[in-house]
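The values are calculated or read from the model by the stated rules, or taken from the named source; none is laboratory data. The structure displayed is predicted, hence computed values, not measured ones. Quick reminder, even Gly has a Cβ in these numbers, built from the backbone with ideal geometry, and neighbours come from all protein chains shown.
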Amino acid sequence: MQKLETASRLQARIRAVLDTVEREFRPMSDAQLVWKPDTKRWSITECLQHLNLAERFYIRNLQKKVDDLGLIQVAPTDQFLKAGTLGKMLRYAVDPQTRMKLPTISLMKPRSDLDPREVMRQFEELQQLLHQILDKGVYLDWNQEKVMTLIGNWAKIRLGDAFLMLVAHTERHLNQALRVKEELLGTPPARF
C-alpha cells in the first residue's frame with residue numbers, strides 16, 4: 001500500500017460514512033435514534049457516541065502531529081506503508097468483516113441520556129476533521145511517526161495503522177447502527 005493512494009481511499013470512505021449517516025439516520029426521529037433492540041445492546045445514538053469518544057482521543061493526537069508540521073510544506077512524499085504488530089492486531093480487531101467482539105473499555109462506553117441530534121452533529125464534525133487531517137497528514141512519515149492508543153501511553157501505533165484503524169472502526173460501528181435500524185424498521189440497509 002502506498003501512503004498517498006491510501007489517504008485518498010480513506011477520505012473516500014469517510015465521505016461514504018458521512019453520506020450514509022445523512023441518508024440513513026438524519027430522516028429518523030429522535031425516538032427511533034435512541035431505540036434499543038434490548039437492554040444489552042446499543043442504540044444508533046450510542047453507536048455514534050462511542051465513535052465520538054474513541055475518535056476524539058485519536059483525532060486529538062493526530063491533530064497534534066499535523067500541527068507540529070508547521071506551515072511550509074512543498075509536496076507530500078509517497079511511501080510504501082509498513083504495518084506494526086500492534087497496529088495490525090488493532091486493525092484486525094476493529095475491521096467491519098471481523099466477527100470478534102471485544103469488550104468496550106469503560107471510558108468509551110456511551111451514556112444513554114444523549115441528545116441524538118447533538119451526537120450526530122459531533123460525529124459529522126469529527127469525520128470532517130479526520131478528512132482534513134488526512135490532507136495534511138500525507139506530509140508526515142506514516143511508518144516512523146506514532147500515536148498512543150487507548151491501551152495506554154506505552155502502546156503506540158504507526159500513523160498509517162492509526163488512520164486505517166480509525167476508518168475501519170467507524171465502519172464497524174456504523175454497520176452496528178445500521179443493523180439496529182434494520183431491526184427497528186425491518187428494511188435492510190447497505191453495509192460497509
May I ask you to verify whether Thr6 is crowded, with 18+ Cβ neighbours inside 10 Å and not charged (D, E, K, R)?
yes
Scanning region 84-114 for residues that are of a type in the set (Lys, Arg) and assigned to a loop (DSSP other than H, G, I, E, B) gives Arg99, Lys101, Lys109, Arg111
Within region 63-79, is there a residue that is more than 23 Å from His131 (Cβ to Cβ) and either within 18 Å of the chain's Cα centre (by Cα) or in a helix (DSSP H, G or I) (or both)?
no
Being modelled with pLDDT of 95 or more, loosely packed, with under 15 Cβ neighbours inside 10 Å and either in a loop (DSSP other than H, G, I, E, B) or over 18 Å from the mean Cα position of the chain (by Cα) (or both): is that true of Arg117 here?
yes
Identify the residue in region 34-51 that is under 19 Å from the mean Cα position of the chain (by Cα) and either surrounded by fewer than 19 Cβ atoms within 10 Å (Cβ to Cβ) or among the hydrophobic types (A, V, I, L, M, F, W, C) (or both) and, among all such residues, is farthest from Leu134 (Cα to Cα).
Trp42
For region 11-37: of the residues being part of a helix (DSSP H, G or I) and of a type in the set (S, T, N, Q), which is nearest to Val167 (Cα to Cα)?
Gln11
